[in-house]
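Coordinate-derived values only; no laboratory data. Since we're looking at a predicted model, the values are computed, not measured. Virtual Cβ from ideal backbone geometry, glycine too; neighbours counted across all protein chains shown.
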Amino acid sequence: MSLLSGSNPSQAALLLRLTLGIAAIAHGLMKVFIFTVPGTVAFFGSLGYPPIVAYLTIAAEIGGGLLLILGIATRLVALGQIPVLIGAALVHAGNGWVFSAPNGGWEFPVFWIAALGVQVLLGDGAAALGPKLYGRATGGSRSPVRA
C-alpha cells in the first residue's frame, strides 16, 4: 500500500498523539519558565480562578502531554485535556475568532479540542506504551470501519 492510497489509522493516531503531546508540554513549560508559576497563578487569579486551577492546568499540560507522547491512557488523557482547552477558549472568547487577534482569539483552542476529540476516537495508535503496560490494545489498532 502506498502512502497516498488506503488508510493508516494507527500511524495517523501516532502522528496526532505526538503532535498534541508536544504542543501540550510546550504550553505547560511556557507557563513555568516564561510566565513563571507565580505569574501564571496571578493571571488565572485575574480571571477569577483560584490558584489550584493554574497548578492543575500546568500539571495537565506537562503530565498529560508526556502521557500522550508515550501513548499511556491516550483516550483518557486526551479526554482530560478537553476541559483545559474549553477554559482557554472561554478566556479568549471575547477577543474574536482568529488567534492572531490582540490577546488571542478562540480559533486555536477550539481546533485543539477537535483534534483531541479525534485522538479519543482513534486511540493509542502505533508505538504506544499503554498496550504493552496493560497487555491489551486500547485503540487505534483495529481495522477501520468501511462505509
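The table below gives the values:
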read-out	value
Pairs, first over 16 Å from Leu90 (Cβ atoms) in segment 42-58, second part of a helix (DSSP H, G or I), C-beta under 6 Å, six or more apart	Pro51/Val41; Ile58/Gly28; Ile58/Lys31
Wholly enclosed helices (runs of 4 or more DSSP H) of segment 1-118 bearing at least 1 residues crowded, with 17+ Cβ neighbours inside 10 Å and charged (D, E, K, R)	9-29, 51-70, 74-92
